[in-house]
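Structure, as C-alpha cells:
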Amino acid sequence: MKNKKRVDPKKSELEEYLADGLDENSLDVAFDILSWWKLKAAKYPILSRLARDILAVPISTVASESTFSNSGRTLSPIRSSLNDESIEALICAQDWLRASVTGTTDSIIL
C-alpha cells in the first residue's frame with residue numbers, strides 16, 4: 001500500500017475567526033464593530049455579511065408600540081372571535097402592506 005499523507009480539510013471561516021484571537025484594537029472604547037467587519041470582509045466574507053445583517057438592525061421600540069396600538073383597532077367586536085394566530089397574521093399583513101406602499105421596511109417586525 002502507498003503511504004498517503006493525510007491532509008487536514010480547510011478550516012471554516014468560523015474556525016479561522018476563533019483561532020485568530022482577540023484584536024487589540026477591539027479593546028478601545030470607541031471601537032466600531034461594523035467598520036471592523038467591513039475591513040475583515042475579504043478574510044471572512046460569510047461571517048462579515050452575517051455580522052452586518054445582525055449588527056445593523058436598529059434597536060427601537062417603535063415597531064412594537066405601533067403594533068400594539070394597531071391591535072386595538074384590529075380587535076373590534078366583530079373580530080373578537082378570531083384566535084391569537086389570526087390576529088397576529090392580520091397585524092403583520094397590515095404592517096407589510098403599509099411598508100410596501102410607503103417603500104419602507106423600518107417598522108416591519110421580523
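Just so it is clear, none of the values below were taken in a lab; they were calculated from the coordinates. The structure presented is a predicted model; accordingly, all values stated were derived computationally and were not measured. All Cβ positions, even for glycine, are placed from backbone atoms using ideal geometry, and neighbour counts span all protein chains on display.
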*Around Pro45, with a cut-off of 12 angstrom between Cβ atoms, what is the net charge of the other residues, counting Lys and Arg +1 and Asp and Glu -1?*
+3
*Simple spin-label model, 7 Å along Cα-to-Cβ: Ile87 to Asp23 in nm?*
4.6
